[in-house]
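Presented below is the structure to which this report refers.
The values are calculated or read from the model by the stated rules, or taken from the named source; none is laboratory data. As the structure is a prediction and not an experimental result, all values here were calculated from the model. A quick note on method: Cβ atoms are made from the backbone with ideal geometry, for glycine too, and the neighbour counts reach across all protein chains shown. Side chains included, ligands, DNA and RNA excluded: accessible areas come from the protein's heavy atoms. Shrake-Rupley method; radii C 1.70, N 1.55, O 1.52, S 1.80 Å.
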Amino acid sequence: MFAVFEQYLQSKALFTLSEIEQIKAVSVVRTLRKRQYLLQAGDVWQSNAFVASGCLRTYSVDAKGLEHIIGFAVENWWASDQESLVSGQPSRYNIEATEDSTVIVVKNDDFEQLRRDVPAFDQVVKALVLRSFMASQSRVHSAISYSAEEKYREFLQKYPGLVQRIPQHMVASYLGLTAETLSRIRRQL
């Protein structure tokens, strides 16, 4: 599975064989079964995880027991809790596989060392951070500006294959809708 990660990296920047070997040396391939956690709320997140196959969701559970999904990560995406990683505080999020998945995990100390030692890796990370920021900005804008139907249409446009891979109640949670509202919208469309 490291080959998937290598292909992703090579598609983003030029790496020497030596640099790829340096990255491989600190990468751990981890297989997750459906519903298995990569991170549980209350634990401190200390890594960065690249999704080689499968799908993960990041979510919190409120005092009433309701799940609030803040994101999904599929092949060639990253999964992480940056808040816990940077602050060293326990996470408020769970990261869980929604289907059998394989991730490449790099401990943060090793990740930061790679950024210092491998300029191409740092270039990939900087671009990733920028794309993540833009995606977060777009998500906040949608959440506060769009109707329920507009949110769903945007989700279908941005993530066309995802709606077939995850249960509808998870899509509803991600969009901040009830399952009933999403069902009504889907019937209307």
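Compute the angle between helix 179-188 and the longest alpha-carbon principal axis of the chain, please, reported from 0 to 90 degrees and rounded to the nearest 10.
It is inclined by approximately 80 degrees.
What percentage of the solvent-accessible surface of the chain, computed with a 1.4 Å probe over protein heavy atoms, is contributed by carbon and sulfur atoms?
Carbon plus sulfur share of accessible area: 52 percent.
Against the longest alpha carbon principal axis of the chain, how many degrees, from 0 to 90 and to the nearest 10, is the axis of helix 148-158 turned?
That works out to roughly 30 degrees.
Quote the charge dipole size of the chain about the Cα centre in Debye, to the nearest 20; the model charges only the Cβ of Lys and Arg (+1) and of Asp and Glu (-1).
Dipole size: approximately 620 debye.
Any idea what diffusion coefficient region 74-174 gets from Stokes-Einstein, in µm²/s, Kirkwood Rh on alpha carbon pairs, 37 °C, 0.692 mPa s?
Here the translational diffusion coefficient equals 203 µm²/s.
When ligands, DNA and RNA are left out and all protein chains stay put, how many square angstrom of accessible area per residue does region 31-127 have with a 1.4 Å probe?
Heavy-atom SASA per residue in region 31-127 reads 48 Å².
How far, in degrees from 0 to 90, does helix 2-12 lean away from the longest principal axis of the Cα atoms of the chain, to the nearest 10?
Around 90 degrees separate the two axes.
For every other residue with a beta carbon closer than 15 angstrom to the beta carbon of Leu162, add +1 if it is Lys or Arg and -1 if Asp or Glu, then tell me the sum.
Net charge around Leu162: +4.
Any idea of Ile144's accessible area? Nearest 10 Å², probe 1.4 Å.
Per-residue accessible area (Ile144): approximately 130 Å².
What is the Cα coordinate range of the chain on the first, second and third principal axes, sorted by size from largest, in whole angstrom?
The principal-axis extents, from largest down, are 55, 33, 29 Å.
Which trypsin sites (Lys or Arg not before Pro) from region 48-121 combine a DSSP loop assignment with at most 16 other Cβ atoms within 10 Å?
Listed in order of number, the matching sites are Lys64, Arg92.
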